[in-house]
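Enquirer: I have a structure I would like to understand better, so I am pasting it below and will then ask my questions one at a time.
The values are calculated or read from the model by the stated rules, or taken from the named source; none is laboratory data. As the structure is a computational prediction, the values presented were derived from the model and not from experiment. Cβ sites come from the backbone with ideal geometry, for glycine too, and all protein chains shown count toward neighbours.
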Amino acid sequence: MDANTFLTQGFAAAWELAGGSWVNPPTGKDGTTPLAAKLLLQFEGISLADDVLDINKYSNNVMARQLLLTLALEKIGKPATTVNGELVIQSWLKQNGLLFPGLTIENGSGLSRNEAISTGQMNQLLLTARNPSVGEIFYNSLPIARSDGTMRNRLMTQLRKFLHLKKKPEARIKTGSLADVRAISGYVVSKSGKLYSVSSFINHPNAWKGLEAHDQLLTWLLEDGPEPKHARCSRSLTPSHSSPAGGSGNKTNPKPARLSLSGYGTVGQQKQWDHWKRLLPQHQSMDNLAILEMHQSPILRPLP
């Protein structure tokens, strides 16, 4: 949809919703503002913080793309393009010492089979996001399990048993789904107050069956996850570039089935991994899967 049609239809819908009617349907076209024109009304949109909250809580793909284009417009100028948006993001990553080889940004919406980031890179980003002054704004924008957004109906039973605690554990997780894809990424505060970051992507025709595995993973962290001596444990890991942790769609995945669970704040013990393997979608060869690389972050601290 071109810009003129988008603006015209949006304005017309808002006018009609307010009870207005038209003698002739409105049309939109490019034009030049006359020099003598006077400003009659100026409308400010929602703040960036509110924008990010809506994007993350409800997985709003259109708003996510618009945010990428806004970055391009404000930092580089017209025309606002996804290519320029990616340049802004790559510049920010470099300034923060984050080198993400293989990172691919196609359209910024999360609805893409070409966009790619590894779970390890996603977790580096989560760790970095907790440090800036705006870190709390981002943290608070993530869906809360058993409470709101796309996690509203997740971990209902698991969290109920902690209701008696004065300081309750929580999982703030951004979810993502496409056909053959399920992903989670975010933070878990355990029952003892430990703060973990965790990311897991499942790429497989039966990815929808991995929801229970993701819930088990988050539940283990709520229960305090790994002991310190197991906090830095890994299995052989194939670098994984997975579909985005955001969005929903119905395309099929042309790439080979692949699964990775990786991140700071989870896993190490063989028995736990064996349990997850039974929950995850069946695969022709488990040896070909990217497995686990999980650490409890030394940077993050329990929230006050």
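Enquirer: Can you find even one residue in the range 165-184 that is among the hydroxyl-bearing types (Ser, Thr, Tyr), under 28 Å from Ala116 (Cα atoms), modelled with pLDDT of 90 or more and surrounded by fewer than 21 Cβ atoms within 10 Å (Cβ to Cβ)? First the steps, then the outcome.
Expert: Just the residues of the range 165-184 that are among the hydroxyl-bearing types (Ser, Thr, Tyr), to begin with: 175, 177.
Applying the additional criterion that residues be under 28 Å from Ala116 (Cα atoms) yields 175, 177.
Now narrow it down to the ones that are modelled with pLDDT of 90 or more: 175, 177.
Now narrow it down to the ones that are surrounded by fewer than 21 Cβ atoms within 10 Å (Cβ to Cβ): none.
No - not one qualifying residue is present in the range 165-184.
Enquirer: To continue, here is another question. What tally of residues in the range 162-174 results from selecting those that are in contact (Cβ under 8 Å) with a residue 60 or more places away in the chain and in a strand (DSSP E or B)? So that I can check it myself, show each step before the final result.
Expert: At the first step, the residues of the range 162-174 found to be in contact (Cβ under 8 Å) with a residue 60 or more places away in the chain are 162, 174.
Keeping just the survivors that are in a strand (DSSP E or B) gives 174.
Within the range 162-174, residues that are in contact (Cβ under 8 Å) with a residue 60 or more places away in the chain and in a strand (DSSP E or B) number 1.
Enquirer: Take the residues in the range 131-161 that are part of a loop (DSSP other than H, G, I, E, B), loosely packed, with under 12 Cβ neighbours inside 10 Å and among the polar types (S, T, N, Q), then tell me which one is modelled with the highest pLDDT.
Expert: Looking at residues that are part of a loop (DSSP other than H, G, I, E, B), loosely packed, with under 12 Cβ neighbours inside 10 Å and among the polar types (S, T, N, Q), I get Asn153.
Enquirer: Turning to a different aspect of this structure: Which of the following residues is assigned to a loop (DSSP other than H, G, I, E, B) and among the small types (Gly, Ala, Ser): Ser197, Ser112? If you could, list the steps in order and put the result at the bottom.
Expert: Working: Ser197 fails: assigned to a loop (DSSP other than H, G, I, E, B).
Unique residue meeting the criteria: Ser112.
Enquirer: Got a number for residues in the range 195-221 being in contact (Cβ under 8 Å) with a residue 40 or more places away in the chain and either among the acidic types (Asp, Glu) or under 17 Å from Leu126 (Cβ atoms) (or both)?
Expert: Looking only at the range 195-221, we keep the residues that are in contact (Cβ under 8 Å) with a residue 40 or more places away in the chain, and these are 195-207, 209-210, 212-213, 215-221.
So of that shortlist, the ones also either among the acidic types (Asp, Glu) or under 17 Å from Leu126 (Cβ atoms) (or both) come out as 195-201, 212, 215, 217-218, 221.
Count: 12.
Enquirer: Look at the range 88-107 and say how many of its residues are outside any loop (DSSP other than H, G, I, E, B), charged (D, E, K, R) and either modelled with pLDDT under 95 or more than 17 Å from Gly120 (Cα to Cα) (or both). Talk me through it step by step, then tell me what you get.
Expert: Applying the first criterion (outside any loop (DSSP other than H, G, I, E, B)) to the range 88-107 yields 88-95, 104.
After this cut, where a residue has to be charged (D, E, K, R) as well, the list is 94.
With the extra rule that they be either modelled with pLDDT under 95 or more than 17 Å from Gly120 (Cα to Cα) (or both), the set shrinks to none.
Of the residues in that region, 0 qualify.
Enquirer: Mind checking which pairs have a first residue in the range 1-27 that is without any contact (Cβ under 8 Å) to a residue 40 or more places away in the chain and closer than 23 Å to Val62 by Cβ and a second that is loosely packed, with under 10 Cβ neighbours inside 10 Å and among the polar types (S, T, N, Q), Cβ under 9 Å, 6 or more apart or different chains?
Expert: These pairs meet every condition: Asn4/Thr27; Thr8/Thr27; Trp15/Ser21.
Enquirer: Kindly indicate the residue of the range 55-74 that is free of Cβ contacts under 8 Å to residues at least 40 places away in the same chain and surrounded by 14 or more Cβ atoms within 10 Å (Cβ to Cβ) and also farthest from Leu127 (Cα to Cα) among those meeting that condition.
Expert: Step one: of the range 55-74, the residues free of Cβ contacts under 8 Å to residues at least 40 places away in the same chain are 60, 63, 66, 69-74.
Filter once more, so that each one left must be surrounded by 14 or more Cβ atoms within 10 Å (Cβ to Cβ): 60, 63, 66, 69-73.
On the way: Asn60: 23, Met63: 24, Gln66: 25, Leu69: 25, Thr70: 25, Leu71: 22, Ala72: 25, Leu73: 27 Å.
Filtering first and then ranking leaves Leu73.
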